[in-house]
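Chemist: Dropping a structure here in structure tokens format, bear with me for questions.
What follows is calculated from the coordinates using simple rules that are stated; it is not laboratory data. What you are looking at is a predicted structure, and each value in this text was computed from that prediction instead of being measured. As a convention, Cβ positions derive from the backbone with ideal geometry for all residues, glycine included, and neighbour counts pool all protein chains shown.
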Amino acid sequence: MARIYLSAPDQAGTEAALVTDAIASNWIAPLGPHVDGFEAEMCHRLDVPYALALSSGTAALHLALKVLGVGAGDEVWCSSLTFAASANAIAYVNATPVFIDSDRTSWNLDPNLLLPALDAAAAAGKLPKALIVVDLYGQCADLEPIVAACHKHGVKVIEDAAEGLGATYRGRPAGSFGDLSILSFNGNKIITTSGGGMLLGRHKPWLDHARHLSTQAREPVAHYEHKEIGYNYRLSNLLAAVGRAQLGDLDRRVARRRAINARYREALSLPGWSFMPEASFGTSTYWLTCATIDAAAFGASRDDVIAALAKVDIEARPVWKPLHLQPVFFGCRSIGGEVAEALFRHGICLPSGSGLSDSEINRVIAVIKEMKR
Ligand SMILES: *Cc1c(COP(=O)(O)O)cnc(C)c1O
């Protein structure tokens, strides 16, 4: 039997035709009509006027911080329960990360911690320059109060929607809430270009500046003039062709991941199992189906379940290790942290790829049910 991955790439079927078109046109370059088309189609989908296709979501975060003018001596506040990439770019620009705990209703950045902390920072004259708020595992954070609190204090918001494409918050799409927002098209994300990302926003000068920085900061003259340090961060036209095919298939992918989540919830309503809640403010894509396991009630721990699945070639993983517990970020300030720590200690991510068949999901379920005492 084939190995079952957490979130394997899933082809829409139209990729090859679009890539063949790119090759036939000889646009085998880090720009071209598919890059332009991919950006325009994503703008339309997310109802955001400007987008910049990049080589990764991490590159998009890096450029977001650069164009907001974040640098040495600045603080950037960030969700703690997330992938390290959310915060690595803070280090790239020599700023100082401060991590914020999750709430239990969405597993995302807790506005009830953020609001008083921002007020206190304002009173102390030590406001952060920006906040990176993550839409975790396909679910938006409680963005309205978070964005309002930041804007009240002049703090810029970067929405890390790498895991959130296709989700909604009060009817609006994830990736449309930040002063700048980022997406990832890494191989395990809901749509993939094998590797890629995007920066989105409504303020044209920021997107223009990011575009300039992403192409080695070349001045518009023939002789290669440079006034700033640039980066080589643009997405290839070949990969953008793959992205357009995948984006056209997004609704089916969201529907499939939600159906997989519903199947797990129904089959695994077992003692000790609690699934990641879907907050009332939005619709999750369930990019990954996550749950916490109370070992005493279930009769086996989270690690026991991961090991039992691994034995039969099924990939499951713990929930992200919070960034305030990561050795590389030791010594950084954390606002709260106990909720994220508990979710990490007991949380599991189950195979959730939109390419998984019903019989593959049933294989996962059977192994877990077998463990129940
Ligand atoms: C995947 C991911 C990123 C980074 O995206 P890459 O395209 O892999 O660089 C950033 N933030 C979160 C929350 C992610 O899951």
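Chemist: What FRET efficiency, computed as 1/(1 + (r/R0)^6) with R0 = 56 Å and r the Cβ-Cβ distance, is obtained for Leu270 and Thr215, rounded to the nearest 0.05?
Modeler: Computed FRET efficiency for Leu270 and Thr215 comes out at 0.60.
Chemist: If we count other beta carbons within 10 Å of each Cβ, what is the order of Leu356, Leu323, Leu127, fewest first?
Modeler: Leu127, Leu356, Leu323
Chemist: Same structure again: Given 0.36 nm per residue, what is the gain on full extension from Arg170 to Arg345 after removing their alpha carbon distance, in nm?
Modeler: That works out to 59.9 nm of additional length.
Chemist: Sort out for me the Cα centre separation of segment 320-350 from segment 230-265, rounded to whole Å.
Modeler: 27 Å
Chemist: Here's another thing I want to ask about it. Pull out the extension gain between Ser280 and His153, defined as 0.36 nm times the separation in residues minus the alpha carbon to alpha carbon distance; nm, one decimal.
Modeler: Once the chain is fully extended between Ser280 and His153, it gains 43.0 nm.
Chemist: Given an 8 Å cut-off on Cα distances and at least 6 residues of separation, report the relative contact order of the chain as a percent.
Modeler: Result for the chain is 24 percent.
Chemist: Further, regarding this structure: If you average the alpha carbon positions of segment 184-223 and of segment 1-57, how far apart do those two centres end up, in angstrom?
Modeler: 13 Å
Chemist: Quick check on the exposure proxy: order Val35, Val254 from fewest to most C-beta atoms within 10 angstrom.
Modeler: Val254, Val35
Chemist: Where does each of Ile158, Ile361, Ile368, Ile28 land when they are ranked from fewest to most other beta-carbon atoms within 10 angstrom?
Modeler: Ile28, Ile361, Ile368, Ile158
Chemist: Hey, rough spin-label estimate for Asp304 and Lys227, points 7 angstrom out along Cα→Cβ, what's it come to in nanometres?
Modeler: Label-label distance for Asp304 and Lys227, simple model: 6.5 nm.
Chemist: Residue separation times 0.36 nm, minus the C-alpha to C-alpha distance between Ala262 and Arg3: what's the value?
Modeler: Extra length available between Ala262 and Arg3 comes to 91.0 nm.
Chemist: Now for a different question. Is there a pair in Lys156/Lys227; Lys152/Lys227; Lys66/Lys152; Lys189/Lys311; Lys129/Lys189 whose C-alpha atoms are over 31 Å apart, and which pairs would that be?
Modeler: Lys152/Lys227
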